[in-house]
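Chemist: Handing you a structure now.
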């Protein structure tokens, strides 16, 4: 069941090898910092696997990137439910990614459509 304020997190560090693999897939050159799409992918992972989870459809994402992410440094991504609209199966979430020292890498919102069964008993 979904509830306002529900939060999930994940953390990982990206290596030079991860960036080479990303460059090979995307055609983008491997740089000295973690590319923004890899960081945004951490948010997508949370939405699709944990909150709301399987069956979630992404409708909109707006992340504002504030600082570059260094290699081999743990990045923590978090999403929090900020609003539920059960009648439309919509979930608004706030997303943010930070470094261990608290540096904000990015933050913003996401709007998803979640499976109907996740709204049984949900409070807007």
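The values are calculated or read from the model by the stated rules, or taken from the named source; none is laboratory data. Because the structure is a prediction, the values reported are computed rather than measured. Cβ atoms come from the backbone with ideal geometry, glycine included; neighbour counts cover every protein chain shown.
Chemist: Check residue 42 against each of (1) assigned to a strand (DSSP E or B); (2) modelled with pLDDT of 95 or more and name the one condition it does not meet.
Modeler: All conditions are met except number (1).
Chemist: From 59, 105, 63, which residue is in contact (Cβ under 8 Å) with a residue 24 or more places away in the chain and either more than 23 Å from residue 13 (Cβ to Cβ) or assigned to a loop (DSSP other than H, G, I, E, B) (or both)? Explain how you work it out, then say what you get.
Modeler: Numbers: 105 fails: either more than 23 Å from residue 13 (Cβ to Cβ) or assigned to a loop (DSSP other than H, G, I, E, B) (or both); 63 fails: either more than 23 Å from residue 13 (Cβ to Cβ) or assigned to a loop (DSSP other than H, G, I, E, B) (or both).
Criteria check complete, one pass: 59.
Chemist: Shifting gears a bit: Mind listing whichever residues of region 71-94 are in a strand (DSSP E or B) and either at pLDDT below 95 or more than 26 Å from residue 17 (Cα to Cα) (or both)? Break it down stepwise before answering.
Modeler: Let us first name the residues in region 71-94 that are in a strand (DSSP E or B), namely 75-85, 90-94.
If the condition is that a residue be in a strand (DSSP E or B) and either at pLDDT below 95 or more than 26 Å from residue 17 (Cα to Cα) (or both), then 79, 80, 81, 82, 83, 84, 85, 90, 91, 92, 93, 94 are the ones that fit.
Chemist: Output the number of the condition that residue 2 fails; it satisfies all remaining conditions of (1) within 28 Å of residue 93 (Cα to Cα); (2) not in a loop (DSSP other than H, G, I, E, B).
Modeler: The single condition residue 2 does not satisfy is (2).
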